Structure formats: C-alpha cells, structure tokens
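The structure appears below as structure tokens.
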Amino acid sequence: MRHKSLLVLPLVLAAWTAPGSAQSEGDQKALAEIKEVFARFDRAINEHDLAGVMAAYAPSDPVVWLGTGEGERWVGKKEIQEEYEELFKYFDPGTQETRCTWTMQEIKGNFSWMASMCRITDFLKNQKRDYGINVTAVLEKLDGKWYFRVVHVSNGSPDEEAIGEEN
C-alpha cells in the first residue's frame with residue numbers, strides 16, 4: 001500500500017484547482033502559478049524525471065512527505081529523493097488517470113494549502129489498478145516561486161468502493 005499511495009500524488013495535486021472556489025484576482029494569479037507547479041510535477045513523475053520531481057519541493061529544508069501508515073515519513077530532500085527513486089519501480093510511466101470528487105484550497109500570502117479526495121487508475125506491468133486517495137499539501141512562495149513544504153498522502157483498501165461525486 002505504501003508505494004501505491006505515494007505514486008499518485010502528482011495527478012491528484014494537478015486536479016486541486018477545482019472550479020467553484022471563490023478567489024480574489026491576486027489569488028487567481030497565485031492559483032495559476034501553483035497549478036503550473038503541479039502540472040510540471042505531474043509530467044516529471046510520469047516521465048520518471050527525478051530532477052523535475054525534486055524541483056517542486058522547496059530548495060532548502062525543512063520539507064516533509066507523509067504516507068498512509070506508521071513509519072511512512074520522509075524528511076528532507078535527500079530522503080524524499082531516495083523514495084522517489086524507489087517509487088519509479090512501482091508503476092508504468094504515463095499510465096495514471098485521476099478523477100477528484102472533492103477539493104478545497106486557500107492561499108494566504110506566501111502560503112497555500114489544499115485538500116483533495118480522488119479516484120486513481122494506473123498500470124503496473126500492464127495490469128490495471130484502481131483505488132481511492134486523499135491528499136493534503138502546504139506550499140510556500142519563495143523568491144517568486146511556489147514550492148512544496150509538506151505533503152501528506154493516504155489511501156484506503158484497493159477494494160474500496162468509489163464515493164459519489166461532490167464537486
């Protein structure tokens with residue numbers, strides 16, 4: 001379960017800018033910038049581009065990535081990078097599809113947070129997988145660019161039924 005829950009992070013995050021969230025004009029600009037961070041991160045994951053993945057995280061520590069279970073934590077860029085190197089072994093590049101059923105976010109100055117519930121399909125060695133996932137993230141704007149500071153990903157059983165659309 002550990003690897004599956006963390007693999008889908010980029011596609012979930014790319015979907016977090018769901019319609020229906022009221023934002024000011026300044027927030028709309030920040031929202032567009034953040035959405036681009038997620039799009040680049042998604043492409044890097046799908047291409048197994050480790051440098052591109054790590055570029056989404058803040059250039060200096062602390063950065064934290066939490067998984068579903070006890071012990072699933074990676075603190076600092078070195079640990080997070082090592083985990084992505086391992087994760088690339090657990091999915092076929094370019095095969096993930098995400099459908100988010102609920103998303104909420106807010107931007108406050110140089111910080112932003114998001115929470116999302118999604119359904120994921122992907123392939124491992126041409127075998128299709130389907131599961132639900134929850135993601136939360138905190139981003140910080142440094143020198144005019146947005147970066148991840150904290151990411152938490154959790155998922156239930158792979159046999160869990162999909163929940164109805166809420167967006």
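The values are calculated or read from the model by the stated rules, or taken from the named source; none is laboratory data. Predicted model, so just to flag it, every value in this text is computed and none were measured. Because the Cβ atoms are built from the backbone with ideal geometry, glycine has one as well, and the counts that use them run over all protein chains shown. Keep in mind that these areas ignore ligands, DNA and RNA; they rest on the heavy atoms of the full protein, side chains included. Shrake-Rupley method; radii C 1.70, N 1.55, O 1.52, S 1.80 Å.
General remarks:
- Amide H partners (placed H, <5 Å) of Leu142, local residues excluded: Tyr147
- Under-5 Å amide H pairs with Thr101, H placed in peptide plane, nonlocal only: Met117, Cys118, Arg119
- Of all accessible heavy-atom area on the stretch 18-159, the percent that carbon and sulfur account for (1.4 Å): 51 percent
- Once the Cβ-Cβ distance of Glu79 and Met104 is raised to the sixth power relative to R0 = 45 Å, the FRET efficiency obtained is 0.95.
- Gyration tensor verdict on the stretch 41-112 (Cα atoms; rounded if a/c is under 1.5, prolate if a/b is larger than b/c, oblate otherwise): rounded
- Gyration tensor (alpha-carbon) shape descriptor, the stretch 27-167, a/c threshold 1.5: oblate
- Label-point separation in nm, Trp113 to Glu33, each point 7 Å along Cα→Cβ: 2.0 nm
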